[in-house]
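Visitor: Okay, here's the structure, questions in a sec.
The values are calculated or read from the model by the stated rules, or taken from the named source; none is laboratory data. Just so it is clear, the structure is predicted and the values come from calculations on it, not from any experiment. A quick note on method: Cβ atoms are made from the backbone with ideal geometry, for glycine too, and the neighbour counts reach across all protein chains shown. Each accessible area value is taken on the protein alone, full model and side chains, heavy atoms only, with ligands, DNA and RNA left out. Shrake-Rupley method; radii C 1.70, N 1.55, O 1.52, S 1.80 Å.
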Amino acid sequence: AVVGAGLGGSAVTYFLQQRFGPQVQLDVYEPAGVGGRLATITVNKQQYESRGVSIHALSLHMQDFVKILGLKHRREVAGKSAIFSGEHFVLEETDWYLLNLFRLWWHYGISFLRLQMWVEEVMEKFMRIYKYQAHGYAFSSLEELLHSLGGDAFINMTQHSVAESLLEVGVTQRFVDDVVAAVLRSSYGQSVLVPAFAGAMSLVGAQGSTWAVEGGNKLVCSGLLKLTKANIIPARVTGVSLHSSEGRALYQVHYESSEGQGSAFYDMVVVTTPLHPSRSNFTFENFEPPITSFLGAFQPSVTSVVHGYLNSSYFGFPDPKLFPFASILTTDTPNLFFNAMDNICPVNISAAFRRKQPQDAAVWRVLSQQPLDKQQLKTLFRSYYSVQVTEWQAYPHYNAAKSLPPIVLHENLFYLSGVEWVASSMEMIAVAAKNVALLAYNRWHQDLEKIDQKDLMHKVKTEL
């Protein structure tokens with residue numbers, strides 16, 4: 001059984017079938033729509049991504065999914081960014097790459113180079129995971145996984161803030177306050193106090209080239225589930241109880257559907273929805289020692305998709321025709337009521353598509369902590385046709401986590417969503433999904449040589 005049909009659920013279903021073969025029976029429980037947070041919103045008969053928007057070029061599992069499913073990359077529509085302090089723009093992107101570099105250097109010295117080197121070093125080590133997974137290696141805890149990639153340094157990065165780590169490598173406080181804070185506010189809705197590893201993953205996304213799936217990123221989820229011919233059960237799982245049969249653990253999954261309550265027995269269960277009390281009231285019965293509830297809270301996040309005319313004079317451009325930016329990030333300023341906003345394009349982009357002129361009505365996505373009130377909407381928009389608001393518990397509320405959630409809850413009972421406490425992105429979830437599938441397979445076949453091996457870099461080289 002797989003609990004949840006978001007990206008984690010659909011990816012783990014695909015990887016489980018890859019490992020165990022077509023004879024494995026896979027039931028996926030999902031009370032809402034397939035795709036989870038990769039949702040779209042309709043404005044004027046066009047669909048737009050409301051969350052999970054962009055995928056980094058180095059996301060190899062996501063790239064693979066798109067290839068396997070015959071999906072296409074959405075055409076990029078260029079647009080400039082700027083960082084707003086509530087009073088003025090502290091940094092503005094231009095059409096000229098060299099001018100952008102010069103401006104960064106002029107404002108912040110070599111801080112941006114130091115940041116880039118720091119992020120690249122983290123990514124270079126993180127990319128080892130693909131080699132390990134290609135060879136069938138898996139990890140039974142998030143700590144083991146991190147340690148195999150970057151040693152103690154990666155573990156420490158989950159316990160120290162991104163601000164501390166960057167100041168240590170010589171990035172200036174001003175650069176952290178202006179640029180790093182703006183990136184983290186737009187991705188996680190949080191400050192530079194998020195742990196360094198989560199921060200690094202967010203900053204990777206802000207640096208290199210990103211892409212999205214033509215027709216919507218959620219097509220990856222529905223495509224993977226179709227490909228595996230998984231049995232989708234429209235029900236909400238309320239708990240799991242442990243039984244045993246011929247000395248092997250057997251799990252009873254309890255659920256509620258429109259037909260009432262039910263249950264079914266499984267050899268193996270993967271939970272891909274958060275098990276924190278604020279997000280679910282999941283119960284575990286007959287487990288010894290008992291499976292306790294998980295610590296930590298989630299960060300509330302509000303996405304407002306507004307179809308209207310931007311009030312460019314609020315940003316210092318009285319003439320809307322002269323407003324040059326398609327996305328606005330913000331610094332951590334007390335009086336600012338939004339984290340970021342961008343002029344978004346539909347999920348289907350024709351060859352003739354052009355971004356709307358700044359004086360025209362466009363579709364903007366505004367990210368904030370609280371729902372925007374009428375006055376705040378009036379501040380950002382001269383007038384608007386529609387506002388669609390989605391409130392969701394988006395990401396873990398990152399503070400230096402003392403410990404990370406477990407992956408193995410019991411013999412063949414696994415928890416996938418805990419990876420979000422390391423860092424939250426589509427690719428992190430895909431990596432965790434493959435790790436759980438490999439771990440489940442290796443444990444089932446008692447192939448302990450493939451679990452939590454030390455010095456994997458050396459092993460993989462000799463295997464090659």
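Visitor: Quick check: Cα centre of region 368-420 to Cα centre of region 13-75, how many Å?
Guide: 19
Visitor: Shape call for region 36-153 from the C-alpha gyration tensor, a ≥ b ≥ c root eigenvalues: rounded (a/c under 1.5), prolate (a/b greater than b/c) or oblate?
Guide: oblate
Visitor: I would also like to ask the following. Work out from phi, with θ = phi - 60° and the Karplus expression 6.51 cos²θ - 1.76 cosθ + 1.60, the ³J(HN,Hα) of each residue of region 143-153, listed in order in whole Hz, and give x for Gly and Pro.
Guide: Whole-Hz 3J(HN,Hα) from phi for region 143-153: 4, 4, 4, 4, 5, 5, 8, x, x, 4, 4.
Visitor: In whole percent, and with a 1.4 Å probe on the protein chains, what portion of the accessible area of the chain is carbon and sulfur?
Guide: That fraction is 53 percent.
Visitor: Okay, next question. Just to check I understand the Karplus step: with θ = phi - 60° and J = 6.51 cos²θ - 1.76 cosθ + 1.60, what whole-Hz values come out for region 115-122, glycine and proline as x?
Guide: 4, 4, 5, 5, 5, 5, 5, 5
Visitor: Rounded to the nearest 10 Å², what accessible area does Glu288 show when all protein chains are kept and the probe is 1.4 Å?
Guide: Around 150 Å² of this residue is reachable by solvent.
Visitor: Cα convex hull of the chain: mean projected area in nm², to one decimal?
Guide: On the way: hull surface 93.5 nm².
Across all orientations, the chain yields a mean hull projection of 23.4 nm².
Visitor: Okay, moving on. Just the C-alpha atoms of region 337-400: what Rg/Rh do they give, with Rh taken as the Kirkwood radius?
Guide: 1.03
Visitor: Okay, next question. Find which of Trp96, Met157, Asn281 sits farthest along the positive direction of the dipole of the chain, computed with +1 on the beta-carbon of Lys and Arg, -1 on that of Asp and Glu, about the Cα centre.
Guide: Trp96
Visitor: So who's got an amide H within less than 5 Å of the one on Leu250, skipping anything under 5 residues away but keeping other chains? H placed 1.01 Å off N, in plane.
Guide: Correct list: His243, Ser244, Ser245.
Visitor: With every protein chain in place, what's the accessible area of Ile451 (1.4 Å probe, Å², nearest 10)?
Guide: Looks like 20 Å² after rounding.
Visitor: Please state, as a whole number in µm²/s, the translational diffusion coefficient that the Stokes-Einstein equation yields for region 330-464 at 25 °C and 0.890 mPa s, with Rh defined as the Kirkwood radius across alpha carbon pairs.
Guide: Value of D from the Cα-based Kirkwood radius: 123 µm²/s.
Visitor: Here's another thing I want to ask about it. How much area per residue is accessible in region 1-463 when the probe is 1.4 Å and only protein heavy atoms are counted (Å²)? Kindly include the intermediate steps, with their values, before the conclusion.
Guide: Values: 21020 Å² over 463 residues.
For region 1-463, the solvent-accessible area averages 45 Å² per residue.
Visitor: Not counting ligands, DNA or RNA, and with a 1.4 Å probe, what is Met117's accessible surface area in Å² rounded to the nearest 10?
Guide: The accessible area comes out at roughly 130 Å².
Visitor: List, in order, the whole-Hz ³J(HN,Hα) value for each residue of region 308-321 obtained from phi through the Karplus relation with A = 6.51, B = -1.76, C = 1.60 and θ = phi - 60°; use x for Gly and Pro.
Guide: Running phi through 6.51 cos²θ - 1.76 cosθ + 1.60 with θ = phi - 60° gives x, 9, 5, 8, 5, 5, 4, 9, x, 10, x, 9, x, 4 Hz.
Visitor: Just to be sure I understand: of the beta bridges DSSP finds with both ends in the chain, what percent are antiparallel, rounded to 5?
Guide: 75
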